[in-house]
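Scroll down for the structure; my scribbles are underneath it.
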Amino acid sequence: MTTTPEARTDDDAREDEDVDVLTIGRRVRQLRVARGMTLEELAAAVGRAPSQLSMIETGKREAKLTLLRAIARALGTSLDALLEAEPLDERSTLEITLERAMKGQTFQSLGIEPFRIAKAVPTPVLEAMLALHAEIERLNDERAATPEEARRANLALRKLMRTQDNYFPDLEERAREILTAVEHPGGPLTQRTASDIAAYLGFTLHYVSDLPQTTRSVADLRNGRLYLSTDSGKGDSRTPVLQALAARILGHTEPKSYAQFLRQRVETNYLTGALLIPEDHVVRYLQDAKQRRAISIEDLRDRYAVSYETAAHRFTNMSTRHLDLPVHFLKVHESGTITKAYENDDVNFPTDRLGAIEGQRCCRRWTSRVVFDEDDKFNPYFQYTDTGNGTYWCTARVEQSSEGAHSVSVGVRFDDTKWFIGRDTPNRGVSRHAVETCCRQAPPELENAWRDQSWPNVRTPRTLLATLPTGAFPGVDTTDVYEFLEDHAPA
Ligand SMILES: [Zn+2]
């Protein structure tokens, strides 16, 4: 988009011109009809071909001033009256508005060919078309979420999660129904059970090597096929299957807003977690662990053969509701940027002015950052951190992904530490982030030495921009997807 003043003036002028040509044409026709003249009669009166005059009346051609003067004379009016003021009648205004709309971006992007608006088209039809046009434009505006709107939507969603202690009974119920339908005995979900769930929902699984780059899976709803990447078998092969099926189970349709897109993503991940780690089973397991004062995210991970992040996330669903433990969860990129956060234990996450946590820098003294410096990547890391807002105990691990290393941590208030393995850790941290500058500024000696002698070139964090929607399925190349489906569809 150009925003130079010159460009704007040009555009405005062109738009005014368009309106004028259309309006003048309309006015000519209106006056001609009012005087009971045919197109041929007026054409003859000004010495032009009827087709030429028709082009002027429909606004397809601009009339020279001399011709306009002749037309005004033939119609018994003045040139000023043709060019100026006097509003058009309602019908003409509607026609002009619709003609302009048909030339615009919305009609073009829908592939609707502009057509000539005949006199026989009833006025209510024109009004209905314009109303639809206005609504489509409004929805498009709404969907083109700005980063600020995206953050607001994210914030609203996290507030909802907090009031529900990150526990969604309806989603737990859906998971229970599905697991009962495929006669899952409880405990870890096997790859075969994932296939059974797919079959129950009417899908066969197909592993391919050419899945579109921008997708994790593609469902062919017509032929009941679910395509997955052969690469997805490397990590946990159940998760992409379940995530794809979760959207079907939940009946998700194309998101109408960014808020809805986020909500769907949260629900999909929640349901996937609830299938991998079934509530009835895990509650007994965790309550037993609490009784033995031996709660451990590692053990939960190993018990259900899931990633540390899935185990940590699932723990937050259960901990307050079933174990009476407020909790917090953080996912932090190796650069120090927070990418996911949840809390209902009043831990003081850094926020921007809108209250958004994602995208903020995590305190360097917190477990989530310190864990990156640990040499031992195999044992869990524990730390007590005095935050100036109370002391918290956290457990964290680093996991690799295609976007670099992330730490995932789960923490509780000091008083709740007694239920967890790792409470006897000697690791201590002091963070003044909640109350002072803390690590937001470099140490003074470094600051003085380098402040005026350095110029870092910023690398924009991809994770932040990637969450902004740019289409119905944000970030997905639909052409790739449709071509892929054509190639793989059964004959
Ligand atoms: Zn700090």
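Read-outs: derived from the displayed coordinates by stated rules, not from any lab. Just so it is clear, the structure is predicted and the values come from calculations on it, not from any experiment. Cβ placement follows ideal geometry from the backbone for every residue including glycine, while neighbour counts extend to all protein chains displayed.
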Show that you can apply the helix-only estimate: for the chain, add -39,500 (n - 2.57) for every DSSP H stretch of four or more residues, divide by all residues, and state [θ] at 222 nm to the nearest 500.
-> -15000 deg cm²/dmol
In terms of modelled amide H atoms, which long-range or inter-chain residues lie less than 5 Å from the amide H of Ala405?
-> Glu334
Residues in the stretch 59-97 that a label on Leu39 would reach, taking backbone N under 12 Å of a point 7 Å out along Cα→Cβ | 59-60
Burial-style ranking of 150-160, 20-30, average other-beta-carbon count within 10 Å with highest first, yields 20-30, 150-160
1/(1 + (r/R0)^6) with r = Cβ-Cβ of Arg138 and Thr93, R0 = 25 Å, i.e. FRET efficiency to nearest 0.05, evaluates to 0.75
For the chain, diffusion coefficient by Stokes-Einstein and Kirkwood Rh (Cα), 4 °C, 1.567 mPa s, µm²/s = 46
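State, as an integer percentage, the relative contact order of the stretch 10-143 based on alpha-carbon contacts under 8 Å between residues 6 or more apart.
21
Sorted by packing (mean other beta-carbon atoms within 10 Å per residue), highest first, where do 205-216, 308-319, 188-199 land?
Output ranking for 205-216, 308-319, 188-199: 308-319, 188-199, 205-216.
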For the stretch 358-405, shape from the Cα gyration tensor axes a ≥ b ≥ c, cut at a/c of 1.5 then a/b versus b/c, turns out oblate
With a ≥ b ≥ c from the Cα gyration tensor eigenvalues, square-rooted, and the rule rounded for a/c under 1.5, otherwise prolate when a/b > b/c and oblate otherwise, the stretch 244-384 is oblate
Quick one: what are the phi-derived ³J(HN,Hα) couplings along the stretch 103-109, Karplus 6.51/-1.76/1.60 with θ = phi - 60°, whole Hz, x for glycine and proline?
-> 7, x, 4, 5, 4, 4, 5
Round to the nearest 10 and give me the degree value, 0 to 90, for the angle of helix 5-34's Cα axis relative to the longest principal axis of the chain.
-> 40
Under the 7 Å Cα-to-Cβ spin-label approximation, Glu486 and Asp373 lie apart by a distance in nanometres of 5.6
Degrees between helix 169-181 axis and first principal axis of the chain (Cα, 0 to 90, nearest 10) | 80
Excluding Gln52 itself, calculate the net charge of residues whose Cβ lies under 15 Å from the Cβ of Gln52, where each Lys or Arg counts +1 and each Asp or Glu counts -1.
-> +2
Please work out the FRET efficiency for the pair Glu399 and Ile112, using the Cβ-Cβ distance as r and a Förster radius of 51 Å; give the result to the nearest 0.05.
-> 0.55
Whose amide H sits under 5 Å from the amide H of Asp236, counting only residues 5 or more places off or on another chain, with H placed in the peptide plane?
-> none
Round to the nearest 0.05 the FRET efficiency obtained for Asp424 and Thr478 when R0 = 56 Å and r is the Cβ-Cβ distance.
-> 0.55
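When a/c is below 1.5 the answer is rounded, else prolate if a/b is larger than b/c, else oblate, so apply that to the stretch 10-143 with a ≥ b ≥ c taken from the square roots of the Cα gyration tensor eigenvalues.
prolate
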How many angstrom separate the Cα center of the stretch 198-237 from the Cα center of the stretch 239-283?
-> 16
List the residues whose amide H sits under 5 Å from the amide H of Ser229, counting only those 5 or more places along or on another chain, with H placed 1.01 Å from N in the peptide plane.
-> Val208
Compare the peptides 384-391, 258-265 by average per-residue count of other Cβ atoms within 10 angstrom and give them in order, highest first.
-> 258-265, 384-391
